[in-house]
Structure formats: structure tokens, C-alpha cells
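Participant: Take a look at the following structure, please.
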Amino acid sequence: MSQDLLDYDGALAIVLEHARPRPSRRLPLLDALGRTLAEPVTSQCDLPAFDNSAVDGYAIRLQDLDHTTFIVGREQRAGQPLVGSWLPGVALRVFTGAALPPETGAVAMQEDVELGQGRANLAEPLSLGLHVRRKGEELRCGAEISPSGRRLSPAVAAAAAASGNVEVAVAGQLQLGIVVTGSELVEPGRPLPPGGIYESNGTGLAAATLAMGLGEPLVARVPEDLTATAEAIRALAEHCDVVIATGGVSVGDHDHTHAAFGEAGFERVFWGVRMKPGKPVAFYRRGDQVAFGLPGNPLSTMVCWCVFVRPFVRKALGLPEDVWLEATAQEAIRHRPDRLEFVPVASEGDGVRPFAARGSHMLGGLVAANAMARIEAGRGDVSPGETVRAARLEWFDG
Ligand code: AMP
Ligand code: MG
């Protein structure tokens, strides 16, 4: 690692310069669920497409609105076209969703009507427009249902279908590849040998990938070995836009990640950022492809995902940047001024609270956190009542 570490904002700017928007494609609504909309979704028809009844009941002509007794006329059900004429003094028997003739003034709810001798009787006259859904009252044909740059939610999918859309334009997918390095790592489910630990970064990074709505990442697990690591990187790079290595990125004798990326044809863009956790983080490129070398400590890996990989992916997909808001520390936060620090916190209102366990090897704080605070370099311990910046941890919200 070079002695002159980059500052975090400079490093992030370099990463983001490499994030080019993905070409868009059209997908059927369900296939597009969770994907980022590349174009606004617009209505293909007026909604409602025609005047219709909001209730089961009796439709009253505009000219008869001051009447309270009607002859019960023909039936009009949902899905039936309008037929025939409508004589004065007649109430049409209608059901929810049934088309209403243009002469309709209001619909009486079935529960408010008393029937007797072929007549429908009301306690009082109806007000104009009661229980009538007017054509286009919700959306005009061509109106926007959702802007671009948002992930397609179930609600937008339903609204898109309701207005006649079959497919939507979404940002092209990014394929991620994950290389997990470490000879001490054991697959969960197997007994732990002495000195072994369960491999968790592969699961954490793959889960973060899926939670963002990306496709299944390719994952390779290799021991601390230069050739094996370089081979894994090369193989993943055949199919991936982004390769993420975890572990082996520091300065130990068995840290082969840099050399391995070099052997696989990647050029190092930076290595080392004045931040905690995640100081040894590295960034590489090869043509249009990029790669991240993330430190192996579990918290470091996940924090680096949040503050480097996630912003890269969001930009490439056309999603807006995460928002960092001012927040008030409700408890003291220990901090050394020589580097920026990311601290998982509990956020409530505009207050944030750190967790006791803050070691780079500990995931407990991140598990409990709903936000991430950034404590700037240049300042010391944060006292209660002082301001820091924090962003919500939105694993599932792209
Ligand atoms: P490294 O960055 O390879 O030096 O690893 C730093 C620390 O993180 C060591 O204690 C490793 O055992 C641990 N570590 C590395 N990779 C993983 C992983 N995939 N899952 C869990 N712990 C890891
Ligand atoms: Mg290692």
C-alpha cells in the first residue's frame, strides 16, 4: 500500500468515473420487478377507460337527480357493453365496474335502496357524481405512472398493467463476480478444524448483490495462492462486468490479490484509502471492466461494499446517489482524527447511536444498524449533541 493514502471522497469520485450507465432493454413486467426503470412508465389508456360504477346499486339519470322513486330498469354488469336507451324515471341495476351511460348523474348504493313493487326508493335525492368513477379521472392516456431511475415495485407493476403495459424499459444488468480468498476459510455446514473460520464474506457480498436487484453473482473460493487467485479472477472476468475480491489485499506475505489482478490483466487504479474500516481497499480496471479488492475482515468487506461498490452499481444502473443527512450523536462516538470512519449506527429521528462492538472483525454492529454514520477526518471524539452525517442502510432498496 502506498504511504500517501487517498481520501475517501477522492477515491469514490475515481470509482464513480468508471461507472457508465448500462444500455437499457425492455422486459415483461414480472421479469423487470426490482430492476431500475430506464424510462418513465406511462399509461397506455385513460384510467378508468370509461365511466363506471364504484358500487353495486342503481344508476340514476342526471335529469332525475332530484327524484327519490324510480322504476327498476335493465341490468348492466361489469364487462358488458352499453346497449339500448334509458328512459326518464328509470334506475339501471348496475354492479361494481359496470359501464355507465353518459346520461348518468349518480349511483345509489344497493344498501341505501328500498325495493318494492318494481320500484327503487331512496330516503333522499343523490348528490351529483356519487359513486361514479369518471373516465380518465385517475390518469390520462400517456400520463406518467413512475419516473425513470427507480426500481420497479409491485405497486408500479400493478399500475403499469392496469393501464395496459406489457413491458417496461429497464437498465441493463451488471454481472458481478466474487473471489473469496483465504486458506483458513471453511464452508458453513462443515465442522470447524482448529484455526478454521466459517467463510462469510462470499455470502455477505452475494446477498448484498441480490438484495440490490442484481442477478446471481458468480462466486469462486480460492486458498491463499497466487496462481489459483489469478486463475479465478481471469475465469470470472470472462463473464463479469465487475469482479470483487475479498481478502488478501493487505501487505502480508500471503496477500496475493494485487499480484493476481495484475496477472489477470487488470491495472491498479488505487490502493489504500484514509478510512476505517477498509483502509487497504483497492480498485482496478481492465478495458470496460472494473474490480474491487476488499479487505477480508467481515465488517471491512461489508462497509466497503456500502461505500464503494454500492455507489458504483447505483450509478451504473441510473439510480440516484445515496443521501447523507446531518444527524445528532445521542451518545459519544470515539474517533481518531487521522482518518474518516464509517460507523454502523441506530438512527431514530435525526439522532444516531453507535454500538459497542466496533471491531473490523465484528458484524454485530452492522446487523443491528439501520444507518451508517461517517465521522470525518480531522475531528476527534464526537460528543453527545454534536453533528455527524449518516445515510440509511437500505440493503433491499437498491
Ligand atoms: P485478509 O484481508 O485476508 O488478511 O483477512 C483479514 C481477516 O478477515 C482475517 O482474520 C481473515 O480470517 C478474515 N477473513 C478473510 N476473508 C474472510 C471471509 N471470506 N469470511 C470471513 N472472514 C474472512
Ligand atoms: Mg486472507
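Participant: Which residue, LEU185, THR68, GLY116, has the largest displacement toward the positive end of the dipole of the chain when charges sit on each Cβ (Lys, Arg +1; Asp, Glu -1)?
Facilitator: The one lying farthest along the dipole's positive direction is LEU185.
Participant: While we're here: If we count every other residue with Cβ under 15 angstrom of PRO101's Cβ, Lys/Arg +1 and Asp/Glu -1, where does the sum land?
Facilitator: +3
Participant: Taking all protein chains in place and a 1.4 Å probe, what share, in percent, of the accessible surface of the range 1-73 do carbon and sulfur account for?
Facilitator: On the way: 1990 of 3720 Å².
Its accessible area is 53 percent carbon and sulfur atoms.
Participant: Can you tell me, using C-alpha contacts under 8 Å and at least 6 residues apart, the relative contact order of the range 1-139 as a whole percent?
Facilitator: On the way: 228 pairs, mean separation 42.6, N = 139.
Worked out over the range 1-139, it gives 31 percent.
Participant: Rounded to whole Hz and in sequence order, give me ³J(HN,Hα) for the range 145-155 from the Karplus expression 6.51 cos²θ - 1.76 cosθ + 1.60, θ = phi - 60°, writing x for Gly and Pro.
Facilitator: The phi angles translate into 9, 8, x, 6, x, 10, 6, 5, 9, x, 5 Hz.
Participant: In what sequence, highest mean first, do 347-355, 230-238 appear when ranked by Cβ atoms within 10 angstrom?
Facilitator: Details: 347-355: 17.1, 230-238: 19.8.
The packing order, highest mean first, is 230-238, 347-355.
Participant: How much solvent-accessible surface does HIS239 expose, in Å² to the nearest 10, with a 1.4 Å probe and all protein chains in place?
Facilitator: Near enough 130 Å² of accessible area.
Participant: What FRET efficiency, computed as 1/(1 + (r/R0)^6) with R0 = 35 Å and r the Cβ-Cβ distance, is obtained for PHE50 and ASP350, rounded to the nearest 0.05? Kindly include the intermediate steps, with their values, before the conclusion.
Facilitator: Values: r = 48 Å, r/R0 = 1.38.
E between PHE50 and ASP350, to the nearest 0.05, is 0.15.
Participant: Now for a separate question. With charges only on Cβ, +1 for K and R and -1 for D and E, what is the dipole size of the range 191-332 about its Cα centre, in debye, rounded to 20?
Facilitator: 280
Participant: Considering only protein heavy atoms and a 1.4 Å probe, what is the carbon-and-sulfur percentage of the accessible area of the range 130-236? Let's see the in-between values first.
Facilitator: Values: 2860 of 5090 Å².
Answer for the range 130-236 is 56 percent, counting heavy atoms of protein chains only.
Participant: Tell me, what ³J(HN,Hα) does each residue in the range 348-359 have, in order and in whole Hz, if you take phi through Karplus 6.51 cos²θ - 1.76 cosθ + 1.60 with θ = phi - 60° and put x for Gly and Pro?
Facilitator: Karplus-based 3J(HN,Hα) across the range 348-359 equals 9, x, 9, x, 10, 9, x, 9, 5, 7, 10, x Hz.
Participant: Name the residues whose placed amide hydrogens come within less than 5 Å of the amide hydrogen of VAL269, ignoring near sequence neighbours (fewer than 5 apart) on the same chain.
Facilitator: PHE283, TYR284, ARG285
Participant: Ignoring ligands, DNA and RNA, what accessible area per residue does the chain give at 1.4 Å, in Å²? Before the final figure, lay out the partial values.
Facilitator: Details: 18930 Å² over 398 residues.
Per-residue value: 48 Å².
Participant: Could you please tell me the mean projected area of the C-alpha convex hull for the range 188-271, averaged over all directions and given in square nanometres to one decimal?
Facilitator: Details: hull surface 26.7 nm².
It is 6.7 nm².
Participant: Please list, ordered by chain and number, the residues whose modelled amide H lies under 5 Å from the amide H of VAL243; skip anything fewer than 5 residues away on the same chain.
Facilitator: Counting only residues 5 or more places away or on other chains, the set is GLY177, VAL290, ALA291, PHE292.
Participant: Give me the percent of DSSP beta bridges within the chain that run antiparallel, rounded to the nearest 5. Walk me through the intermediate numbers first.
Facilitator: Details: 55 of 82 bridges.
Looking only at bridges with both residues in the chain, the antiparallel portion is about 65 percent.
Participant: Tell me the relative contact order for the chain as a rounded percent, counting alpha carbon contacts under 8 Å between residues six or more apart.
Facilitator: On the way: 911 pairs, mean separation 66.5, N = 398.
Relative CO of the chain lands at 17 percent.
Participant: With the Cα gyration tensor of the range 52-133 giving a ≥ b ≥ c as the square roots of its eigenvalues, does the rule (a/c under 1.5 for rounded; else a/b larger than b/c for prolate; else oblate) give rounded, prolate or oblate?
Facilitator: On the way: a/c = 1.38, a/b = 1.31, b/c = 1.05.
Because its axes are fairly even, with a/c under 1.5, the range 52-133 counts as rounded.
Participant: Can you find, among GLN80, PRO102, VAL55, the residue farthest towards the positive end of the dipole of the range 52-133? Put +1 on the C-beta of Lys and Arg, -1 on that of Asp and Glu.
Facilitator: GLN80
Participant: Can you find, among HIS239, LEU16, ALA159, the residue sitting farthest towards the positive end of the charge dipole of the chain, where Lys and Arg contribute +1 and Asp and Glu -1 at Cβ?
Facilitator: Checked the options; the winner is HIS239.
Participant: Rounded to the nearest 20 Debye, what is the dipole magnitude of the range 52-133 about its Cα centre when Lys and Arg each give +1 and Asp and Glu each give -1 at the C-beta?
Facilitator: 320
Participant: Shape verdict for the range 187-227, please, from the Cα gyration tensor: rounded (a/c under 1.5), prolate (a/b greater than b/c) or oblate. Walk me through the numbers on the way to the answer.
Facilitator: Values: a/c = 3.30, a/b = 1.64, b/c = 2.01.
Since a/c reaches 1.5 but b/c is at least a/b, the shape of the range 187-227 is classed as oblate.
Participant: If amide H atoms are built 1.01 Å from N in the plane of the peptide, which residues on other chains or at least 5 residues away come under 5 Å of the amide H of CYS45?
Facilitator: Distant-sequence amide H within range of CYS45: GLY142.
Participant: If you find the alpha carbon centre of the range 167-215 and of the range 282-357, how far apart are they in angstrom?
Facilitator: Here the two parts' Cα centres lie 18 Å apart.
Participant: Would the range 341-384 count as rounded, prolate or oblate if I go by the C-alpha gyration tensor, calling it rounded below 1.5 in a/c and otherwise prolate when a/b exceeds b/c, oblate otherwise? Before the final figure, lay out each step's value.
Facilitator: Values: a/c = 2.01, a/b = 1.16, b/c = 1.74.
In terms of gyration-tensor shape, oblate.
Participant: Using the Cα centre of the chain as the reference point, and only Cβ charges (+1 on K/R, -1 on D/E), how large is the resulting charge dipole? Debye, rounded to the nearest 20.
Facilitator: Numbers: 37 positive and 48 negative charges, 70 e Å.
That gives the chain a dipole magnitude of about 340 debye.
Participant: Cβ under 15 Å from LEU65's Cβ, LEU65 left aside: what net charge do those residues give with Lys, Arg +1 and Asp, Glu -1? Walk me through the numbers on the way to the answer.
Facilitator: Working: positive: ARG61; negative: ASP64, ASP66, GLU103, ASP112, GLU124.
Around LEU65, the charge tally is -4.
Participant: Can you give the relative contact order of the range 259-398 as a percent, counting alpha carbon pairs under 8 Å and 6+ residues apart? Present the calculation step by step, with values, prior to reporting the outcome.
Facilitator: Details: 267 pairs, mean separation 31.8, N = 140.
Relative contact order of the range 259-398: 23 percent.
Participant: Same structure again: Taking θ = phi - 60°, what integer Hz values does the Karplus form 6.51 cos²θ - 1.76 cosθ + 1.60 yield along the range 272-278, in sequence order, with x for Gly and Pro?
Facilitator: x, 10, 6, 8, 9, x, x
The values are calculated or read from the model by the stated rules, or taken from the named source; none is laboratory data. Predicted model, so just to flag it, every value in this text is computed and none were measured. Glycine gets a Cβ as well: all are built from the backbone with ideal geometry, and neighbour counts include every protein chain shown. Accessible surface is based on the protein model in full, side chains and every heavy atom, while ligands, DNA and RNA are left aside. Shrake-Rupley method; radii C 1.70, N 1.55, O 1.52, S 1.80 Å.
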